[in-house]
Each structure stands twice: as C-alpha cells, then as structure tokens.
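The values are calculated or read from the model by the stated rules, or taken from the named source; none is laboratory data. This one's a predicted model, so the numbers in the text were calculated from it and none came from an experiment. Reconstructed Cβ throughout: ideal geometry from the backbone, glycine too, with neighbour counts over all protein chains shown.
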Amino acid sequence: MRPPVPLMVRSEYSFLNGASRLEELVKVAAQLGYDTLALTDVDHLCGVPEFLGLCKRHGVRPILGVELTLSTGRIIALAKSCKGFASLCRLLTESHTENERRQPMLREEQLLDHAEDLILIAGGNDAPFASWVFQRRMDKAEAWLRRMQKRQGADFFVRVERTFQPMQQEFNARLVSICSDLQIPIVACNPVHFAHPDQYRIFDLLSCIRNLIKLDDPHPERPINGFGYLHSPAAFTKLFEDMPQALEMTHNVADRCEDYSLNDEMYRPRFGCESDDSSIREFYKLTEAGARRKYGGIGSELDKRIKYELRVITDLGFAGYFLIVHDLLNFARSKGIRYAGRGSSADSVVAYCLDITKVDAFKRNLRFERFINPERKESLPDIDIDFDRRYREEIVQYVIGKYGQDHVAGVASFNRYRARGAIRDVAKALGFETEDIDKLARYSHWALSAKRIASTLDSRPEIRSLQVDKKKFELLFELCAGLDDMPRHISAHPCGVMITGASVQGITPLLRAANGMLISHYDKDGVEDLGLVKFDLLSLPTLGVVEDTAVMVREHSPKFEYDKIPLDDEKTFELLRSGETTGGFQNESPAQQSLAPRLQARTIEDVIAAVALIRPGPLKGEMVEPFVRRRNGTEAVVSIHPVIDKILEHTYGVVLYQEQVISIAVELAGFTPGQADVLRRTISHNRSYEKMAELGEQFVKQAIERGVEPELAEKVFTWIQGYAGYGFCEAHAASFGDTSYKTAYLLQHHPEEFYASLLNHQPMGFFPAATLINEARRRGIAVLGPDCNSSRATTSVQNEAIRIGLLQVSGMNEAEANKIIGAAPYASWGDFVRRVRLSRDLLENLVLAGAFDSLHKNRKELLFSLGSILPPVETDKLALALDLEPVISRRTDFDAFTRSMQEHRVLGFSPDRHFISFWRDTLTAKGIQTCREVKTNQDSKAVLSAAGVVIRPHTPPTKSGKRVIFFSLEDESGLLNVTVFPDVQEKFGHLIPGQSMLVITGRKDKRGSDGLTAFHLAKLPETTFKHKK
C-alpha cells in the first residue's frame, strides 16, 4: 500500500518556526517508509538546495513548496513544475521586498495573480477563512473558498488536521460540509514541525524566543501539545482512517508535481549579449594578448599550458565567467580601485594573463586542476578578488548596472546558534536575570558549540572561576544544546554575489538585507548545489592602506610605485627576521612574529611559506618545526624518491601545499590531474573511509606499475594521507605572500606613512589602534595629537611625524571635521567657538583630545568655560551669550595620568605615552622588566617578569587537542608574545579574560623565539602601585 504524503513540513529554515534539521527530517522520513516528502518552510525557500540533495541521497521524492503569510492568514503553495517554482520565487520576493524586513506578507490578489503552476492548500487554525468557521459565519467562509476555487480551479485544495486541538473536530466537520457542497477536494495534512516527539520542547522554546516571551507566559502561537512530529505512515493513516479519500488526495496532490531539475544552463551568466562563440573568441584573444604582454615570447611549454587551460575552461562553459571577471577588474583599474586576486584561481596561467591574479602559475609550476578539475563537470570556478574596502559597494553597483538588477543578487548567510547566542536567548525565555548569564555568555567563545557549554564549566578555568551553579543552570544548558547550529536568522554573506543568465527570480527568491542589497535565500553552498555561479568580491582593508600609503609617499617621492617594490630588499628581510612587523599583512600575529626569528626569511619563497605555515592545518599537523629545522640546515632532508624529492624540493621534503599532493599523484602514480584533485579533496575534507581505501589501492597499484617498489608506494600514500589533510593552497599563499612582503617593505622604508594609513582604516588587522600608536612611538616616530589648526580630517604625516586626524575623535563625523578645517586657522579658543558651531559633547571631546592645546594648554579651564556657552532653545548647537569671549577661570589642569586616561576615552589611545609608563618606576623597583628587556634577554633559564596590557588572547588548534593560550603583552617598550600552557591555565587561566593588565612571570621560549612561556600570572590593578603623575 502506497504511504500517504506529508504535504506540510517545516524545517530549521523556517527560522525559529521549525525544530528539526533538514537532514534529520529527510532521513527519518526515509526510515519511516515515506517515498515522497514536501518541504514547506514559512516564507522561505532557503532549504531547497540541501533538501533536493538529501532526498536524492535517501531515495525520497521531493516536493517544493512554502507556507505563505497572507494579510488574512497562511496558505500552503506547492510548485507543480520548475515554472511553478519560479512563481514561488517571485511571490516570495514581493512578500519580502514590499514589506518591513523580516515581516513578509502578501495580499491575496498578489498570490492569485502570480499563482501559475502552483497548488494552493488552505486550512488549519491560521487559514484566511478559519475565524469565520469558528464564528459559524459560514457564508463568509464559503465566499472565500468559492473565490479561490474559481481562480485556481483543480489546483485548489482544503486541508484538514487531526492534532487534537480545542474545537478541531467541530471545525473540521463544518469545513468538510462546506467543501462537499462546493466540491472542493479535502486533503489530509497534519503540520510537521519536528522529526521526533522529544523535540516538542525545543519547538516550544523556539516559539517563545520568536515571540519574545518567557516559558511561563501563554501565547496563541505556542503549541498546545507535542503532536507536531513526523508520524509513521501507519500512524498517519490511522488518524484519518475514516477519511480514506483525504488520504488518497495526498497522492493526487503529489502526482500533480513533476520531478524538478533546477540546475539549468540558462542560469549560467553570460558576458553582455555576446553569443557563446563570440565570447570564446574574445576570451582567447584577451588571453593571448595578456600572455605576450606578461612573457614576451611564448615558448612551447607555456603555449601548451595556456592551450590546455583554455580548452578546459571553454569545454566546461566558463569563458563568459572569466570575461565577466576581466571586465569587472578593468572597471576597477579605470577607477583606480586597488584589487588583488587570491585563492586557487592563482593556480591558473590564464588568470595571470588576464590580470586576475599577480601569481605566475607557470613560473611556479602550480597545478591548474587545484582551481578547476576537468573531470568534475559540476565543479564551478571560484575566483576570489579582494578590493579596497572603501569601494567594494561601487564594484557591486557596477555589476548591477552592467547586468541588471534582475540578474544579480547577493548570497545569503545563516546566523546559527553557538554557545553565546543560545545562552542569551534561552536565558531570557527561562526568565533569568541579566547578571546571572551575562558573564557566562561573554566568556563563552563565539564559536563554541552550544552542545559543549556544560563541559566547559570544568575545562575552562575562566568559566570555572565564575562558580556557576550547575543545578541552577542544568535546564539552560540542556535547552541550549538542543539549539546548537540551528539557524536563527538570515543575513547577507559578506562577499558573495551571484550573476545569472536568465532572471535570478526564476531560480531564487530575493529579500532585502540590512545593507539594502537584494540577496538570495540560498547560502554559498546552496548556490553551488544548484549550479549557480557566484563571485566572491571581498573587502580587504589592507589594500586601502597600501594605496593611501603610496599616495602619501608620492608626496615626497613622486616616482614611487607600490606594484614595483623590489622583492629582494635586504632591509625588508631584516625586518621580517626580527619579527617586529606589527601592522603588516599576514605577518603581525603573535604566531607569525614568533615564527619569524626561527624561520629567518631570506627570499620571497620563505615569506610565502610563512603564510602557509601559520594556519590551523600545518599547526595541527606539526609541520612547522620540521620545515624550520630543514630550512635552516639543522635537520637533513631525507630522500624519498627522485620524483617526490623534486616536487618537495622548495619545501624541504615537507608536504606543505595542496598542489604538491596533486603533483605526487600525477607524476608518481600516473593519476590524471582530475583524479589527483579528487584524491586531494578526499584527504583534505576527511571524506569516507571507503573512498579513501579505494583511492589508496589505486594509488599503490598504479605506482607499482610505474616501477615504484610496493613497500615504498604504500609508505608514500600513508605519508601523504597523514600530511596532506593539513596542507595549504600554494597559489593562495603566494598571493598573500606578495602583499605580506610589500607591507613589510612599507613598514621598513616608510613607517610614518604606513602607520598613518593603518590608523585611518581601523578597525582592521590583529592589533587595535593604541598598539599601532605605541609601535610607531617605539620606532622613534613622533605622534602628535589632533589639532584644530593643523589636523586634516584623516591622520596624516607632517614633518616626519604622525598627526592624528579629527575623525579619530569620538563623535566626529566627516561634515563636522571639514567644517573645522574649512574655517581654520583660529587665533584663540573664543575665535573657534564663535565661528564653528558644534554640539557641547563634541566640543568637550575635542578639548579632552588636546585639539585646542596649541591655543590654550589648560584643558580643565576650557572645559569649565563651556558653562558660559549657552545652547539655543530650538537647536543642539552652541552660541555665545552676547557674543562675548568664553569666561576662562584659573584652575589647576588635570595631571598627566588623568589627561592620558581622557585621551584614551575620546581617541582610543594616548598620543604621548603608554599608560603602563606611569607605573614604571614602581615596577622596576619590584624587579619587573619592560617587555623589550624580556624580549632581548637570551638566557632561557632566567626567571623573567613583565607587566602590561593583555592584547588579543586566542587559542589556535593543536594536534594534541590541548588548549594553549597565546596573547601579546604590551607596555611602553612594545609587545611581548606570551604562551600559557594547560597546567598554568589551571591555576591562572581565569585571570586572562576581562583582565586588562597582568604581571607575567616565566622563562624564554626554548624554540628560539623572543616570547615568554608563563608559569605565573597576577593582576595589576591600578590601586596596586602608585602611578607617577
């Protein structure tokens, strides 16, 4: 007997309105014996791509639908075909874009006017006619049903539920009676909100979170019972055994729906209105011109490589994709917008010829198949482009203008529950006081799984120190675990943009994100699953920094060109070897600064390797130390096989890059490049054991056939299997390595301009503005505070000193900064306040920042003079009483410490000095050294102490899984890298989070870095030492 069909199923993508993950729902449906399943999330189609893939995997036929919110109630709409799915997409776009964000709604006329190839099913307590049925106003209900029947014909159904709700039996009887008279078919349709009965509690919790109520509060949208789970076909049939026709009607509805094929070539983007043939001709022409420009003459090997790549790209239909990217970058160049290609696209010689990347894949012998696998036709190219953050929106608007809004959409991102968000939402629903959960939420790492909250109470010292009452919070932790990884809401992906050939609304609904952009309902994985092409247009603040630095440098060195910085500058390598690279790109983190003195970079290849080494994979794979030892000649490189030795020559026998895995499989075992990339992907992503074993057998067999000894073949496969999972993309490392080296060059040769530019682009990078200021001072660069007569809007370089810009002052905007600059110079404080009308708060901040020190040095006197400036009744601006000078009474100014703290409050730092310096005499008397003194001390046995501000504590992954805390300690002399191992964390780990100043005692890192391995930590509160004023 054919099982009935569940036609109303909500998943996680109903966003707080469904309590089961899609994978769980489809798996349970298959296990229960259902052969067909509908997905009808509330007002969203976000789960469609995943649902289609899951149904194919589990042998379940999918029906695509949605539960639409109308102005009068809710109704189910199912797509009969791809055309019907396009109707759903357009309806949902209207629903989301014509109403307030996250409040989608349609008028009934909108629905009926665009219901082509849709099946509509109305019923339940929230049906548009439900209130009339309950009120016995049957004429009203009948009129509504008749109208829908007339418009939708045989594609309109009425559903009945059996979920044991109050008055449900009477409601169903009345509804069946009306439908019988009108000959409207009845379909059995219980709503499914979760897969298992025990998930009722989570669904109820989600209802409370959605409606902003507590679990103790009644609400009409809360479930009355736990009947919303996916019943077995037998149980479903039993519920409606007296209505066999209603059960049979589920098959009727399902049979009206075709099998969907949403992966349609018509959605592939096209370059302008060009035909495929003309696009290919243009693609070849541009590539050849670029090759001649880059290489001059084209030798036979280069020609062979270029033709191979061109053939693969055109055969897979991606010529238009490359032309779109090339055109986009032409626009960026024409506007002077700096960009940089990165990622696996740098494995392509064609991408290099088209100026998409700066990495010469031919010279580096990089594997094109890491970028595009010719044997995986569903594999889409993934070209990542970084743009100057300030102009990314201009780039996006160009794309929209070029291809039309109907062909462009942003990609979605799903904000999912982790520990911190789950704690806050569940605690509110449970009625906990804010102070009970605030610290627990703050101390929970943003990426911590909500399932692991309870386990961290004992394992994390900083959380253990809170002395959380486990019994009191037991229910909180249990409920949080149930929310783990559930999507809470939808937002815009930070960089993904999709371009389609046919109208984008034929394949995805759109909604308006917080930034105003229209985005798809699908995330990046969903977009790729449907064969849609996305472009990653990323924002990289560093590109703005290097552009602004270059502009400043050209003010005194007109011939300077950033792109022509020499890659063999010895002074730059000296800086890199010192590890003093705070502010540099991909070389400023404590891990990179710790690696630098040990690695001793001498060439650009060392810089590229450093980028790849300080990544989770190589760190977990313990690849760093062997590489460093072999690079410096303290450990021999062991010969394995001539083929492998050559491939790993530039990485000293370490499998550091993913491309090397492909090369070994091709050159040693005779894999095709496509097969080798499948091997690389299988290892890198920890794919199935069966697939791994199959590839291992193939690798060994083919290697033996090519003359490799069996024992060596097996050893090599085991070896690359162990290391390759931790490898990094060489093309990406080379892209970032170029920028890393060049920012180090700027830091070495033009530090004033570089630090000024860094300050103008905050927030960015690893360290805050205060640390950058401190580093500039440490290098001997004078840092001048904001000044009403001298400052520009942004921070600049004046007479080889950094002058802080007016925009750095809290509360300042560009218009007010320009107002101040436009009216300068000022003769006195009174002259300023007469001619520039600013709010009292902003004036106060300018005083505290020292912006008027050149006019009047006593800041306290200026603050008190604000009392003689009267605010007009109807504005927030200031006016002088009778236009007289402000009254300045004699007062003793703030002491240096207070001034410094006030500067920190309004600027984020003090231009003059680091506040730890106020305690220096007392610290020195107690035997506590500066960070610089500890850093330069070479005695690994000496017990050393330093005091400072804790900067960016973090816990990178380790192979052992043990939690090691790294942070930087900062004082007036600079930064000191500190490592805290688990045994020390047990005693002192609770001091690190939330504690701004610590005294660290330990010994120097035995590996040869300049850092300190801590064995004791202590607080340094302001009251402990008397500061020097």
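Numbers below:
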| read-out | value |
| --- | --- |
| Flag if Asn190 is of a type outside the set (Lys, Arg) and either touching a Leu at 6+ places or on another chain (Cβ under 9 Å) or outside the structural domain of Pro62 (by TED's automatic domain parsing) (or both) | yes |
| Looking only at the stretch 303-334, and only at residues there that are of a type in the set (Asp, Glu) and in contact (Cβ under 8 Å) with a residue 12 or more places away in the chain, the one that is surrounded by the fewest Cβ atoms within 10 Å (Cβ to Cβ) | Asp315 |
| Given (1) within 24 Å of Ala346 (Cα to Cα); (2) modelled with pLDDT under 90; (3) surrounded by fewer than 20 Cβ atoms within 10 Å (Cβ to Cβ), index of the condition Val661 fails | (3) |
| Residue match in the stretch 94-107 (condition: buried (at least 16 other Cβ atoms within 10 Å of the Cβ), modelled with pLDDT of 95 or more and closer than 22 Å to Arg146 by Cα) | yes |
| Conditions (1) in a helix (DSSP H, G or I); (2) surrounded by 13 or more Cβ atoms within 10 Å (Cβ to Cβ): number failed by Tyr522 | (1) |
| Within the stretch 557-573, tally of residues that are within 11 Å of Tyr745 (Cα to Cα), within 34 Å of the chain's Cα centre (by Cα) and part of a helix (DSSP H, G or I) | 3 |
| Any hit, the stretch 525-533, residues being at negative phi, of a type in the set (D, E, K, R) and either outside any helix (DSSP H, G or I) or at pLDDT 95 or above (or both) | no |
| Evaluation of Asp41 against (1) surrounded by fewer than 24 Cβ atoms within 10 Å (Cβ to Cβ); (2) within 30 Å of Ile178 (Cβ to Cβ) (one fails), failing number | (1) |
| Complete set of residues in the stretch 358-409 that are over 25 Å from the mean Cα position of the chain (by Cα), in a helix (DSSP H, G or I) and not hydrophobic (A, V, I, L, M, F, W, C) | Glu369, Gly401, Lys402, Tyr403, Asp406 |
| Residue in the stretch 683-693 that is among the small types (Gly, Ala, Ser) and without any contact (Cβ under 8 Å) to a residue 12 or more places away in the chain present | yes |
| Only listed residue being touching a residue at least 60 places away in the same chain (Cβ under 8 Å) and within 24 Å of Met243 (Cβ to Cβ), chosen from Arg146, Arg136, Arg159 | Arg159 |
| Residues of the stretch 221-280 that turn out to be assigned to a loop (DSSP other than H, G, I, E, B), of a type in the set (D, E, K, R) and without any contact (Cβ under 8 Å) to a residue 60 or more places away in the chain, as a count | 5 |
| Pair list, Cβ < 7 Å and 6+ apart or interchain, from the stretch 346-372 residues that are farther than 13 Å from Cys729 by Cα to residues that are acidic (Asp, Glu) and assigned to a loop (DSSP other than H, G, I, E, B) | Tyr352/Asp360 |
| Matching residues, the stretch 173-198, being surrounded by fewer than 20 Cβ atoms within 10 Å (Cβ to Cβ), touching a strand residue (DSSP E or B) at 6+ places or on another chain (Cβ under 9 Å) and not hydrophobic (A, V, I, L, M, F, W, C) | Ser180, Pro185, His196, Pro197, Asp198 |
